[in-house]
1. Quick one: helix B:184-212 against the long Cα principal axis of chain B, what's the angle to the nearest 10°, folded into 0 to 90?
2. Given the C-alpha centroids of segment B:196-238 and segment A:330-386, what is the distance between them in whole angstrom?
3. Highest GNM mean-square fluctuation, chain B, Cα pairs closer than 10 Å: which of B:SER52, B:SER95, B:SER209?
4. Stick to the Cα atoms of segment A:91-189, pair each with every other, and give me the Kirkwood hydrodynamic radius in Å at one decimal.
5. Cα axis of helix A:314-341 to longest principal axis of chain A: angle in degrees, 0 to 90, nearest 10?
6. Using only DSSP helix segments of four residues or longer, with each worth -39500 (n - 2.57), what per-residue ellipticity at 222 nm results for chain B after dividing by its residue count and rounding to 500?
7. With a ≥ b ≥ c the root eigenvalues of the C-alpha gyration tensor of chain A, is it rounded (a/c under 1.5), prolate (a/b larger than b/c) or oblate?
8. If we count every other residue with Cβ under 15 angstrom of A:GLY276's Cβ, Lys/Arg +1 and Asp/Glu -1, where does the sum land?
Amino acid sequence: MEASFSFERTETIARAVTTTRPSLTYWQDAWRRFKANPRSLISLYIIVTIGLFTLVGPWVWTINPMLQDLDQISVPPGADRRARVVEPHVRWAITETPWTTSTTQLAVIGEATTQAVRLAWNPVAGASGYRVYRDIAEPNSPDALGLPLTDIVNAKITGFEDRLDLKPRTYFYSVVALSSKGFELKEHATLAVEVTRVITVNEAIARGLSELDESSLIGETVYLDFHPLGTDYLGRDMLARLMHGARVSLFIGVVAPFIYVLIGILYGSIAGFVAGRWDQLLMRFADFVVALPFLLFMILFKIIFNTEPGESGIFAMLLAMILLSWPATARLVRGQILQIREEAYIGASRLLGAGSMYLILRHMIPNTMGVILVTLTFAVPGAIFTEAFLSFIGMGVAPPNPSWGSMCNEGIKTMLTAPHELVFPAVFISLTVLVFNLLGDGLRDALDTRMRSD
Amino acid sequence: MANSRTNKHAYVRYAVIRLIQGAITVWLIATATFFAMHNVPGDPLMDEKAVSPEIRKNLQAKYGLDRPLLEQYGIYLSNMIRGDFGISYAQENRSVNDIIREHFPVSAILGVLSIVFAALGGILFGALTAINRNRLPDIVIMFLVIMGISVPSFVFAALGQMTLVNVNAFLGVSILPVAGWGSVSHMIMPSLILGLGTMAFLTRLMRSSMLEIDNADYLRTAISKGLPPTRIFLRHQLRNAILPVITVLGPSIAAITTGGFVVELVFAIPGLGRYFVQAVQQSDYTVIMGTTVFYGAFLVFMVIVVDLLYGLVDPRVRLD
């Protein structure tokens, strides 16, 4: 029996040799960990959106943030923008013929518009004059009738034309009879008046609200300028102000930490390298700067640097923040450098003939980069807070330049009547600070597994 | 025995060194403030009504503004050592000492109340989240904490005030006053608001501190001994986890004093912070210098006191 063996060359199993995946660098690995965390990814998207809002926004929404729209002051978003076009105002010639009617004591003559409200009332027996009040809420006591508009000292005149800063809303007018000595008699009548918004022909044409010509425009309805997020107490567009304010707030919030972290890295690595006596001296100075009451000195520096009256004050704030904030990073970097210097891989590298420059660039900086990046991310919300605080107490950006903090400062004064003026800038500050905090958490978890938050 | 004596000795030495360092820092703050204020363009007499050169000269002589800068600095320092901060330029006949004496207690009460509130709340909520880790209370509280860290104090102040207005209007009676100062009911809302940010921060710290000791040997021992959970919690977990919270109380005091500026402005509280901001706006030199140095000294020594207390509480702390 002949044994026949046929040998065949087997295929080389290529796969067996490549069982491992390509090795990841530290940054690839960190990016993989970062991507796995939905919270940090979402906050990164929001930061990009806020960045676009700030940088691209003013190119798209080109309204001047300092332009005042006096017809629309403190209007909330989505307010009625309609205005009827009317002829220019003609003074109401009030005669001494008393107005009489049996049904009402007090009435509106003609139409109540933002141009004028014309009131007339029945004469009161024994009165020697009248006082007219206006209130924005229904008066509930005869002693609190609102804003006194006028005193009429002639008892025969029983009419009044109100032209004082009228807004499209409901007003409560009250008329009180005055005695011969000028005291208020008890008689008074109150009337609720709904005021509609009108605009004169000339103004409508001057502002380009309609393409119709003068004669056919009267009686038409035009739409006033559109303010998607409403206006502030001076009638300035909130959206435009938020965009321009973001430039100030984010500029300071990003640039100041960037510069002082850089200074801190330089200072800290010098201290870490030289070690010994010089290190002690440098770090004592850093300790001193840390001990300074931060916000008090921010305010002091602000006063010193802010010399020109017309300046916005951004530069002063930036400089003050940089001068006072670098030591924290310097301490951190110095600690890192001192620690890394003792690591075995530095010794190994040196043994293989690496020079100082190589050690710094190849080992020290990449190994502190993670910590530095995390510090930087957490420094941004801090700087935004500081800017907002200073602007809020009136020491920050000079008006009329908007910043989120100064907008909050202005908004807080009208928060009961027009809450949107406070809410929008406050939401922007909070959201920005929130996403930078979340990003910082995410970066910390991704870059340095030893520092994980939980 | 000998060991404890050397420890005590080291502690006293450490305390003395820290106090000397603190005094030097305060001196540097005073110097920096002095030269900073004298480099400010314009002078405090400029705001007054137009005065003749003679009157102006007299006023300058009265306040010593005509002397050389170094002499002014010498006078300023020697007065300050004697505890005299000078007289306000803007509010005639009112010494800075008076202003501090009258308004600092208000700020101090507000600050102490909010620190107490922040510390109690932070420890309580931090412990609560750590015990219920990854369960509903943890998730809810940690969400609120992130909000508390991200929302500026003036927004909280405004929201708090708005809430009070609406609640008072809704109930028809004033349960808490909206602004002002005077009674205990005036203090509640502002100190709550002022403490919120710090409380959020302390909650976070307390939580991670509790989780850190979760695997400690002494806890496992306590559990295996069969101690009741409340005793384990109070005697072992809480006591050990609280230490890091105490260390940050010093810096927290700084955060709360400056945060107080805003709350005092919003709630119309006559505290020192409000007067400081006012003095800055009126360029009232002496008040600015006086309050800055006073606040600076206060903060520096607060941090030292807290550090020293920490050394007493935790014997493991290295004194160097």
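1. Value to nearest ten degrees: 50.
2. Taking the Cα centre of segment A:330-386 as reference, the centre of segment B:196-238 is 34 Å away.
3. Residue with maximal mean-square fluctuation among B:SER52, B:SER95, B:SER209: B:SER52.
4. On the way: mean 1/r = 0.0727 Å⁻¹.
It works out to 13.8 Å.
5. Approximately 20 degrees, to the nearest 10.
6. Result for chain B: -25000 deg cm²/dmol, rounded to the nearest 500.
7. It comes out prolate by the Cα gyration axes.
8. Neighbourhood net charge equals +3.
Coordinate-derived values only; no laboratory data. If you're wondering where the values come from, they're calculated on a predicted model, not measured in any experiment. Here the Cβ is made from the backbone with ideal geometry for all residues, glycine too, and neighbour counts use every protein chain on show.
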